[in-house]
Amino acid sequence: MARLVIKSNEFGDRVIELNLGVNRFGRSPKNEVQIEHPTVSAKHCELVLADDGVVVRDCDSANGTYVDAQRIKEAKLSAGQILQLGQVELLVETTDAIVAIPKFDMPRPAPPVVLSDGSLICPRHPKARATHQCTHCREILCDECVHLLRRRGGKLMRLCPLCSHECVLIGGEKRKKQSFFDRWRRTVRLPFFHGSKQL
């Protein structure tokens, strides 16, 4: 994280680490960084730390804010520069902003329980049998878990609630039951029928 060191003798190389956003410097204890010195104003300046570096803004201080001996109203700081508040000198060690995004481990459900008949119990719904599996994350799901989406003029899509990829039935698509007449027509060929039209 961005860091400054007070080089004036009476502060003993005090290290100041900036927080993301606005860091107010001044003599008042209401500031994020309090510097008790008679030449520092109650609210002297602001240092704004963002992902692209540090910007210092003077807050109408009595004795001024200086960067490398030049009085400024606003300036972008670089590592190695000297920031001066009144008669207090600070060395800019680094202006890097480290934005750490915490890693969250999503708890995975327990593996599915296999019943004696070979069917699976849904890991999320213990009373339901697993009927689908995601083609992407391979998660086992029951009918209640699967999100259904019907496209206009299209087929019904079954989507995984975890990764939104398509789910398929465990064991493949079930064959539609044929009626007695469909089976009879496939096995018995009558001379006066040709397909569904009578000759």
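The values are calculated or read from the model by the stated rules, or taken from the named source; none is laboratory data. All values reported here derive from a predicted model rather than from experimental measurement. Note: ideal-geometry Cβ built from the backbone for every residue, glycine included; neighbour counts use all protein chains shown. For the accessible areas, the whole protein counts, side chains as well, though only heavy atoms, and no ligand, DNA or RNA atoms are used. Shrake-Rupley method; radii C 1.70, N 1.55, O 1.52, S 1.80 Å.
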*Give the residue that is modelled with the lowest pLDDT, with candidates limited to residues of segment 8-36 that are part of a loop (DSSP other than H, G, I, E, B) and under 14 Å from LEU83 (Cβ atoms).*
SER8
*Lone unmet requirement of (1) in contact (Cβ under 8 Å) with a residue 24 or more places away in the chain; (2) surrounded by fewer than 15 Cβ atoms within 10 Å (Cβ to Cβ); (3) assigned to a loop (DSSP other than H, G, I, E, B) for THR39*: (2)
*How do the pairs read when you match residues in segment 129-154 that are free of Cβ contacts under 8 Å to residues at least 24 places away in the same chain with residues anywhere that are of a type in the set (Lys, Arg) and assigned to a loop (DSSP other than H, G, I, E, B), using Cβ under 7 Å and keeping only pairs 6 or more apart or on different chains?*
CYS145/ARG124
*If you check ILE6 against the conditions, is it surrounded by 15 or more Cβ atoms within 10 Å (Cβ to Cβ), closer than 19 Å to GLN70 by Cα, among the β-branched types (Val, Ile, Thr) and touching a residue at least 60 places away in the same chain (Cβ under 8 Å)?*
yes
*asked:* If a residue must be free of Cβ contacts under 8 Å to residues at least 24 places away in the same chain, over 11 Å from THR95 (Cα atoms) and in contact with a strand residue (DSSP E or B) (Cβ under 8 Å, 6 or more places away or on another chain), how many such residues does segment 44-78 contain?
replied: 13
*Test each condition in (1) in contact with a Gly (Cβ under 7 Å, 6 or more places away or on another chain); (2) of a type outside the set (D, E, K, R); (3) assigned to a strand (DSSP E or B); (4) open to solvent by 20 Å² or more (accessible area, probe 1.4 Å) for LEU49 and report the one that comes out false.*
(4)
*Identify the residue in segment 99-122 that is over 16 Å from LEU169 (Cα atoms), modelled with pLDDT of 70 or more and not small (Gly, Ala, Ser) and, among all such residues, is least open to solvent (accessible area, probe 1.4 Å).*
LEU115
